[in-house]
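The values are calculated or read from the model by the stated rules, or taken from the named source; none is laboratory data. What you are looking at is a predicted structure, and each value in this text was computed from that prediction instead of being measured. Cβ coordinates were reconstructed from backbone atoms using ideal geometry, including for glycine residues, and neighbour counts include every protein chain displayed.
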Amino acid sequence: MGDGMGDALRVGLIGYGDAGRGIHGRLLREAGHAVVGVVTRDAGRADAARADWPGVAVVDDVAGLLGRPDDLDAVVVASPTGLHREHALAAVDAGVPVVVDKPLGVSAAQAREVVEAARRADVGLTVFQNRRWDDEQRTLRSVLASGDLGRVHRFERRWERWRPVPKDRWKENDPVAGGLLLDLGPHLVDSAVELWGPVASVYAEVRAITTAAPDDVFLALHHAGGVVSHLWGGGLVGAPGPRTRVLGDAGAFLVTSFEGEPTPFAVLDDAVAGDPGRGPAPGSHAVPEHGGWLVHGTERVPVPCPPGGHADFYRCVAAWLRTGGPVPVDPADAVRTAEVLDAAALSAAERRVVDLR
């Protein structure tokens, strides 16, 4: 691609809403990269882009961004999910390495199409699975490496929120490309597969309670290696459950809360590090720096959180494009995740277990 100087990448952003500005733009800045082009038709978002990135070229269509590919080191697709396939293929056709926000497409067929197009064109493609760099995921990997849980038999993860009045966005209103199965499902499934490997069968319950698109999701994945993953996503959950619970024959790993979402289990995180079994001292709200708890019945010990964060994804993108480092997220992983989500949709529709073997 272009011959920009230094380690900073020159990035074009397709979309400048909650994802484009609020997530990708923020992380690109943290990783030291520059947004040089933005696609948006919204006047307010265009003004925000110009304020955030002085000198940025703001255009109202993807063709305008990709018309000068030598000015770009990478393109980030942060448009609504229903447009991911179209916009990713446009970047591939222009010969620009592309980062696609999850999911890669609304189906496994769309995901495979994009991966195959990038392979034929020899254009770099990766998928934004930033949750691999979450504090809890990094901490859990360290716990698994230590062997402290013994043989794991169950993995639980919840992404539950209390939103009795839903937001009014395409995510809530588009029954095809919106909803929690395609929004949170890719993160939940990717996290499980990263840890426990291929999925042999899927059972799912998917329904829409307060929105046109699904806002209540449960998946049970049976991994080929024997672990069972139970994954929840919900927008009408007045009492969110513990974020992560991993059960093994030597202990358990527990994460009680997530990114400031209120939870009845938050009191567990008020324990003083020196006395984790008894709760906080009178008048104290000290919280140890930890990424979760190692639990044995009533005994619990805070687990240190390894260094890192979501911006590491874009540092890995730079190493991938500049020095030939490994692809941050193999796009084949996104295809496998899409296959699981397709199976989940089928399972929910037909009320049966779907075999993926």
Output for segment 290-312, where each listed residue is surrounded by 15 or more Cβ atoms within 10 Å (Cβ to Cβ), not basic (Lys, Arg) and not in a loop (DSSP other than H, G, I, E, B): GLY292, TRP293, LEU294, VAL295, VAL301, PRO302, VAL303, ALA311, ASP312
Please identify the pairs in which a residue from segment 213-228 that is farther than 19 Å from LEU184 by Cα has its Cβ atom under 9 Å from the Cβ atom of a residue that is modelled with pLDDT under 95 and surrounded by fewer than 17 Cβ atoms within 10 Å (Cβ to Cβ), counting only partners at least 6 apart or on another chain. ALA224/ARG357
Surrounded by fewer than 23 Cβ atoms within 10 Å (Cβ to Cβ) and within 17 Å of ASP183 (Cα to Cα), is that true of PRO80? yes
Which ranges mark the strands (runs of 3 or more DSSP E) fully within segment 167-260 that have 1 or more residues being of a type outside the set (Phe, Trp, Tyr), out of contact with any Pro (no Cβ under 6 Å at 6 or more places or on another chain) and modelled with pLDDT under 95? 251-255
Quick one: how many residues across segment 346-356 are of a type in the set (Gly, Ala, Ser) and surrounded by fewer than 20 Cβ atoms within 10 Å (Cβ to Cβ)? 1
Do we have any residue at all in segment 299-314 that's among the hydroxyl-bearing types (Ser, Thr, Tyr), modelled with pLDDT of 95 or more and either on the phi < 0 side of the Ramachandran plot or touching a strand residue (DSSP E or B) at 6+ places or on another chain (Cβ under 9 Å) (or both)? yes
Does ARG120 satisfy the condition of being without any contact (Cβ under 8 Å) to a residue 40 or more places away in the chain, farther than 25 Å from THR211 by Cβ and of a type in the set (Lys, Arg)? yes
